[in-house]
Amino acid sequence: MSTMTFGRAINAGLRAAMEADPKVVLMGEDIGTLGGVFRITDGLKKDFGASRVIDTPLAESGIMGTAVGLAFRGYRPVVEIQFDGFIYPAFDQIVSQVAKMHYRTRGTVNMPLTIRVPFGGGIGSPEHHSESPEAYFTHTSGLRVVSVSNPQDAYTMIQQAIASNDPVLYFEPKRRYHVKGEVAETLDGALPLGRARVVSEGADVTLVTYGPLVMTAVDAAIAASDEGVSVEVIDLRSLAPVDYATVEASVRKTGRLVITHEAGKSGGVGAEISASITERCFDYLEHAPVRVTGFDVPYPPSKLEHHHLPDLDRILDGVDRALRRPNSLSAPAPSGTVRPALEGAGL
């Protein structure tokens, strides 16, 4: 076991994948000499050379199109999208080529392509640097979408993604890059890529999340326990496909479901999970599923992002609502007062 930061664990996982397979090639803006804006690929160009760690022009569509060609010829390209909001110029390549090539060729051509996406807020950056675009891709058949929440998963899941013959979008929460944890530098005993993980067991409420909010959800579960409420926290890890068996088993036990993510509420991952669990577990539910999300607004200026991002208090409020407990956030505002400017934005 080694103690690593989240970012260093991704770096170690990339290094292990490159050592194991000479067909693994990294591509992205400033990932070589600079080591990436977050230094995730630091040192890899020095050790593996410029032919395998490639600094590209600032042209996401061109980067992705080149990666498609490399995957077509048997390579395993790993593309870094520098910031979440920069993925949109590559959207057409991802949904029209990457996602469909295997199906279009009747299984003749694989797309073993991994797309690393630093995503989410909490670092004081503006729009295009703090977004959560994962739902665009979970809606697209032919893509695997995963999100990591801790150094151990960061290390193992990047290698599993690269080894997969399916295209994988690997969403990594940038505000957790400096979080430290114990990492076993082996794939032995690792959960499969599409499996969710029960982080902490509970009996009263199921709290489902992924990526940057897993740590916050665990803190919320600890706080709820001080009030006698037992919360089971599930880290989805895979957003497409979703491990519904794990979520369903938990909801059948607790009877209540809260889903939280940074992305907006409308059309988000939480909406799909809410609908699917309602269909599967209707007779077991004691309350309608509750979603605690970012608001349906463009990402706010950095000074306001703490209002936008779900925090411990908002998650606990969601738990209270699922339990039908009185709370301040969902109570009517006193006469003559003005709510925060969130009305109509998904509160």
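Being under 20 Å from Ala245 (Cα atoms), in contact (Cβ under 8 Å) with a residue 60 or more places away in the chain and of a type in the set (D, E, K, R) is the filter here; which residues of region 259-279 pass it?
Glu272
So which residues in region 67-86 are part of a helix (DSSP H, G or I) and of a type in the set (Phe, Trp, Tyr)?
Phe72, Phe86
Looking only at region 263-288, which residues are within 20 Å of Leu213 (Cβ to Cβ) and among the charged types (D, E, K, R)?
Lys265, Glu272
How many residues are more than 16 Å from Phe119 (Cβ to Cβ) and in contact with a Phe, Trp or Tyr (Cβ under 7 Å, 6 or more places away or on another chain) if we restrict to region 134-154?
2
Within the group Ser200, Ser164, which residue is closer than 24 Å to Val79 by Cα, modelled with pLDDT of 95 or more and open to solvent by less than 50 Å² (accessible area, probe 1.4 Å)?
Ser164
Considering only region 237-261, state which residues are out of contact with any helix residue (DSSP H, G or I) (no Cβ under 8 Å at 6 or more places or on another chain) and of a type in the set (A, V, I, L, M, F, W, C).
Ala245, Ala249
Could you pull out the residue among Pro89, Pro112 that is part of a loop (DSSP other than H, G, I, E, B) and at pLDDT 95 or above?
Pro112
Given the structure, is Ser274 polar (S, T, N, Q) and either touching an Asp or Glu at 6+ places or on another chain (Cβ under 7 Å) or open to solvent by 40 Å² or more (accessible area, probe 1.4 Å) (or both)?
It is false that Ser274 is polar (S, T, N, Q) and either touching an Asp or Glu at 6+ places or on another chain (Cβ under 7 Å) or open to solvent by 40 Å² or more (accessible area, probe 1.4 Å) (or both).
Any residue at all in region 325-343 that is farther than 18 Å from Glu127 by Cα, at pLDDT 90 or above and open to solvent by less than 70 Å² (accessible area, probe 1.4 Å)?
No, that holds for no residue.
Would a scan of region 238-260 turn up a residue that is basic (Lys, Arg) and either part of a strand (DSSP E or B) or modelled with pLDDT under 95 (or both)?
no
Out of everything in region 277-317 that is of a type in the set (Ser, Thr, Tyr) and within 16 Å of Phe119 (Cα to Cα), what residue ends up being surrounded by the fewest Cβ atoms within 10 Å (Cβ to Cβ)?
That would be Ser302.
Collect the residues in region 24-64 that are assigned to a loop (DSSP other than H, G, I, E, B), charged (D, E, K, R) and open to solvent by 20 Å² or more (accessible area, probe 1.4 Å), keeping them in residue-number order.
Asp30, Arg39, Asp42, Arg52, listed by residue number.
The values are calculated or read from the model by the stated rules, or taken from the named source; none is laboratory data. Small disclaimer: the values here were computed from a predicted structure and weren't measured. Glycine also receives a Cβ, built like all others from the backbone with ideal geometry; neighbour counts cover every protein chain displayed. Surface accessibility is based on the protein's heavy atoms, side chains included, excluding ligands, DNA and RNA. Shrake-Rupley method; radii C 1.70, N 1.55, O 1.52, S 1.80 Å.
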